[in-house]
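The block underneath contains the structure these notes are about, expressed in structure tokens.
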Amino acid sequence: MDYIDVLGQLYNEDPSIVVITAENRALIRDLEKRYPQIPFIDVGIAEQTAVGVSAGLAKSGMKPIVHGLASFLTMRSYEFIRTDIALPKLNVKFVGFIPGLLSEANGPTHQAIQDLALMQTMPGMNIFLPSDYEDMLECLPEIIKNDGPSYIRANHIRSGVNHSRFIIPESEKIRSGSDITILSYGPLLEQSNKLCDRLIDNCIYSDLYNIRSFTPFDKKLLRKLYKENKPIIVIEDHLEFGSLYNHLLTISKKDDERLNLFPINLGNNYHKPLLLKDLMAEDCFSINNLYELIIDFIKDPKLNKA
Amino acid sequence: MNRKNPQFEKLTKTSLLVRESCLGMAYNGGCFLGASLSCVDILVYLYGHFLNCNKNNFRNENRDYLFLSKGHDVPALYSVLAENGFFSKDRLLNHLSGKDFIYWHPNTKIPGIEFHSGSLGHLPSVSLGVAINNKLKKINSKVITIIGDGELNEGSIWECLLVASSLKIANYCLIVDRNHFQANGPTEEIMPLEPLREKFISFGCNVYTVNGHSFEEMNQCFESINFNSPGTKVIICDTIRGKGIPSIEAKADKWFCTLDKEMYDNLLIELQTGDESGVQIPSTCVR
């Protein structure tokens, strides 16, 4: 079962599905060959038209799934998404390919590291963050069956992990520990899992959550975090502005609650164009660097007072 | 405007009523009067004679579809819809009132509106999506989108034409309201479009040119087109900004007009007689 098979299954259940791409075929290269019955439209490198056409199809009762490189799908056609999809709340799903660190060595033009910041400003837009390819396949049916506009921060990297069933907006608990909580998503979830092992070597035990739904956010998890009052580390491949960390600050303030949040993200910088394995090994998201940042944070006397 | 052919006498009368309503909105808070008046006869012809789209079949998927991408023409569109019974003409008096949704761009809260517009260069691709849907469902309806000539500055239109051409979509048509002006001046001074016909042809379109104020000529043109054949149809309607009111015809600074009572009365007489009154209409800069 791969991404194409999931689309095939979904189409069999709901023949109003139509697949659109702005010449981003990585996930759907053999779709036409394997499922010729699924309507497939490749508009070429024309993200605005992909979005506009999807609006017309959705207005007519179809359910378009639009593929594009995350950077250009969210930014090049941003105003089209706002005007033609979000404003009339049309049922269109956007699948953004190579978001965050997954742009690897392409350089800053391809880095979708403000995509959450942009997409969350649109009223009614749901945002989903599968942590790997397997998670994406698990999440996809639920996301497609959920009515309304959605953005999926796609992840094509296979991890071999079997993920639990996805129910919107629930997060997935990966491991348990009583000292701190780590929240992460996308390719940094696996790195966070390795980090937890390293922390255990030093007798620090961490909860680890795979945040699969950005909006709507998992309220059950929130209530737990409010109650526990543990240090919460938020590790993400996004600029700080519009990040999950900022999102939690906003939600907790609105809820009149306090969270001991510590952000580890890209701050205000584009990341170094490197292969993913090198980004994980030697850049700010290396286990060593993450470990030291967390140790410094939990030793912070201000935090202990809180 | 053709006033001789009896077949179109009713449309000629409707055009006059529509222009009166547009003037009313310019008096009632101001509107894009010059832009709207160039499009009146096209809209009157389409809804009054050509399109299979009316108040009774508007929710039927087999109807013809009309999208107004050049959103500032909304006074003309709403007035035409009201004259064709989509909603009460009295509702036009709610122009800019907080109790209704009659503002300076089309929106779907008003009966007969297929899709909102305002941001230029959007509806060619949205309507292309509807045409693709129709093809998938074997619905043989025409999908027509009116765009402005100034709107052709938007790259998204040309991007969309490439896509439409590659998909060989039938029943997909763009009408250009070629009034030779964009917001602040003549198109050929701000962003030259000519040779426009050749541009569309090079994008794979079937192109037709017609006088957008003659019902007879429009009818000859539209009836001669095989919309059911594959390929984008582009109909360039040659029009005049402000058509029907001599004081504001073909004037760069009469895109948007706000009228007081004296101006309104004089322009109404101009509309009815065709004679310039000499009344001064102030320039309004809105872009």
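Before moving on, here are some points about what is shown:
- Surface composition of chain A: carbon and sulfur make up 50 percent of the accessible area, probe 1.4 Å.
- The fraction of Cα-Cα pairs per 10 angstrom bin, counted from 0 for the stretch B:66-115, comes to 28, 63, 9 percent, rounded to whole percents.
- q = 0.15 Å⁻¹: log10 I(q)/I(0) that the Debye formula gives for the stretch B:6-273, counting C-alpha atoms only: -1.08
- Computed over chain A, the alpha-carbon pair-distance distribution with 10 angstrom bins reads 6, 28, 35, 21, 8, 1, 0, each value a whole percent.
- Along principal axes, Cα extents of the stretch B:202-287, largest first, whole Å: 51, 31, 16
- Each Lys or Arg adds one and each Asp or Glu subtracts one; over the other residues with Cβ under 12 Å from the Cβ of B:Thr14, this totals 0.
- The calculated 222 nm mean residue ellipticity attributable to helices in chain B amounts to -11000 deg cm²/dmol, summing -39500 (n - 2.57) over DSSP H runs of n ≥ 4 and dividing by all residues.
- FRET efficiency, 1/(1 + (r/R0)^6) with R0 25 Å, evaluated for B:Asn153 and A:Thr121 via beta carbons: 0.40
- Rg over Rh, two decimals, the protein assembly as shown (C-alpha only, Kirkwood Rh): 1.07
- Loop trypsin sites (Lys or Arg not before Pro), the stretch B:52-101 (other Cβ atoms within 10 Å of the site Cβ: 11 or fewer; DSSP): B:Arg59, B:Lys99
- Rounded to the nearest whole Hz, the Karplus-based 3J(HN,Hα) values (6.51 cos²θ - 1.76 cosθ + 1.60, θ = phi - 60°) of the stretch A:154-166 follow the sequence 5, 9, 9, 7, 7, 10, x, 7, 8, 8, 6, 4, 9, with x at glycine and proline.
- About the Cα centre, charge dipole magnitude for the stretch A:172-305 (Lys/Arg +1, Asp/Glu -1 at Cβ), debye: 560 debye
- In the stretch B:158-241, the trypsin sites (Lys or Arg not before Pro) that fall in loop regions by DSSP, at most 10 other Cβ within 10 Å: none
- Computed about its Cα centre, the charge dipole of the stretch A:3-153 is approximately 420 debye, with only Lys, Arg, Asp and Glu carrying charge at their Cβ.
- Listed values for the stretch A:119-126 are Karplus-derived 3J(HN,Hα) couplings in whole Hz (6.51 cos²θ - 1.76 cosθ + 1.60, θ = phi - 60°), namely 6, 6, 6, 8, x, x, 7, 8, and x replaces Gly and Pro.
- Accessible area (Å², per residue) of chain A, counting only protein heavy atoms and a probe of 1.4 Å: 41 Å²
- Between A:Tyr270 and B:Gln272, the simple spin-label model (points 7 angstrom out along Cα→Cβ) gives 6.5 nm.
- The helix-based estimate of mean residue ellipticity at 222 nm for chain A, built from -39,500 (n - 2.57) per DSSP H run of four or more residues and divided by its residue count, is -10500 deg cm²/dmol to the nearest 500.
- With every protein chain in place, the stretch B:192-287: carbon and sulfur % of accessible area (1.4 Å): 49 percent
- For the residue pairs A:Lys63/B:Lys138; A:Lys173/A:Lys227; B:Lys70/B:Lys254; A:Lys93/A:Lys145; A:Lys63/B:Lys70; B:Lys89/B:Lys109, the alpha carbons lie more than 22 Å apart in A:Lys63/B:Lys70.
- Principal semi-axes in Å for the stretch A:7-94 [√(5λ), Cα gyration tensor, largest first]: 21, 16, 9
- Annotation: per residue accessible area for the stretch B:164-203 equals 45 Å², rounded to a whole number [probe 1.4 Å, protein chains only].
- Comparing the stretch A:172-305 with the 2.2 N^0.38 Å rule of thumb, its C-alpha radius of gyration ratio is 1.01 (two decimals).
- Dipole magnitude of the protein assembly as shown about its Cα centre (Cβ charges: Lys, Arg +1; Asp, Glu -1), debye to nearest 20: 1260 debye
- Chain A: antiparallel DSSP beta bridges as a percent of all, rounded to 5: 10 percent
- Trypsin sites (Lys or Arg not before Pro) within the stretch B:113-167: DSSP coil, no more than 15 neighbouring Cβ in 10 Å: B:Lys137, B:Lys138
- Once B binds A, the 1.4 Å probe can no longer reach about 1800 Å² of accessible area, counting both sides.
- Global dimensions of the stretch A:3-153 from alpha-carbon coordinates: Rg and Dmax equal 14.0, 40 Å.
- Of all DSSP bridge pairs formed entirely within the protein assembly as shown, close to 15 percent run antiparallel.
The values are calculated or read from the model by the stated rules, or taken from the named source; none is laboratory data. The model shown is predicted, which means the values in this text are computed figures rather than measured ones. Don't worry about glycine lacking a Cβ; one is built from the backbone with ideal geometry, like all the others, and counts go over all protein chains shown. Areas reflect the complete protein model, heavy atoms only, side chains present, ligands, DNA and RNA absent. Shrake-Rupley method; radii C 1.70, N 1.55, O 1.52, S 1.80 Å.
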